[in-house]
1. Nearest 20 debye, what's the magnitude of the dipole of region 54-167 about its Cα centre given +1 on Lys and Arg Cβ and -1 on Asp and Glu Cβ?
2. By how many nm would the segment from Ile14 to Ala129 grow when fully extended, if each residue of separation counts as 0.36 nm and the alpha-carbon distance is taken off?
3. Considering amide H positions built from the backbone, and no H for Pro or chain starts, which residues 5 or more places from Thr53, or on another chain, come under 5 Å of its amide H?
4. Of Ala118, Asn173, Thr188, which is farthest towards the positive pole of the chain's charge dipole, taken about the Cα centre with +1 and -1 on the beta-carbons of Lys, Arg and Asp, Glu respectively?
5. If the chain between Thr100 and Ser75 were fully stretched, how many nm would it gain, using 0.36 nm times the residue separation less the Cα-Cα distance?
6. Which ³J(HN,Hα) values, rounded to whole Hz and listed in residue order, are derived for region 203-210 from phi using the Karplus coefficients 6.51, -1.76 and 1.60 in 6.51 cos²θ - 1.76 cosθ + 1.60 with θ = phi - 60°, glycine and proline given as x?
7. In nm, give the distance between the simple-model label positions of Asn54 and Ala116, each being 7 Å from the Cα along the Cα-to-Cβ direction.
8. Using the Cα centre of the chain as the reference point, and only Cβ charges (+1 on K/R, -1 on D/E), how large is the resulting charge dipole? Debye, rounded to the nearest 20.
Amino acid sequence: SVDITKEATSNGIIGTFEITEKGGYTIQAKDNAGNESDQAAFTPMSLKVKAVTNITDTGATLGANVIKGTFDIKSAAISYRKYTDEEYTEAETAFNIDPTTGDGAASAVLSELDPATAYVFKVTAVSDANEVLDYEGYFRTLATDQEGITIKGTARYSDNSNGNITVGIFDGNVCMMAEEIAAGDEFTFFNIPDGNYTVTATDGNYSKSA
């Protein structure tokens, strides 16, 4: 069960609740007399958020896939802010829905960012049933004329299957660089400053870090 917040309106009681895990859910209402409604089953939306790619000293590319649940997807938007700020700026988000699956893809290309600065980005998706799904992530722009070491590697599935994998290098939870490759191909990160980092490969469903 989940905690539900109830609000009385002229049209009856509106209940809202927060879901923190994927899966199927059922909703059932009960009044003070013990009368119960029929159960309604639904599956919430989900997000596949890629690591931030094309990071430069003044720009970055953000992207996410919105997976349809029971209800159709109405919109998706990407916003961002400096880590030290409180208010988000809404990015110009390209959002398309696949007419066959009903899934959506959102992307935004950011520019005019400050060099060597940590940013927070947020992906917000809304369904036709006013279901809201949020995700927050972090990245840092490169320093102007940044220098450092080169990191190379290969990302593949254990069964050598095909697919696209996004590989990112992280300082804590802050993405410093990332690129999308075909499974089995090599990735290369240039000019990484000395430090301790984590390399994470993900396809949106499965992740592996080293």
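The values are calculated or read from the model by the stated rules, or taken from the named source; none is laboratory data. Please read these numbers as outputs of a predicted model, since none were measured by experiment. Virtual Cβ from ideal backbone geometry, glycine too; neighbours counted across all protein chains shown. Note: areas computed on protein heavy atoms with side chains; ligands, DNA, RNA excluded. Shrake-Rupley method; radii C 1.70, N 1.55, O 1.52, S 1.80 Å.
1. 400
2. Here the segment from Ile14 to Ala129 would lengthen by 40.1 nm.
3. Result for Thr53 returns Thr61.
4. The Cα lying farthest towards the positive end belongs to Thr188.
5. Between Thr100 and Ser75, full extension yields 7.3 nm more.
6. Along region 203-210, the couplings run 10, x, 10, 10, 9, 9, 10, 9 Hz.
7. 2.5
8. 400
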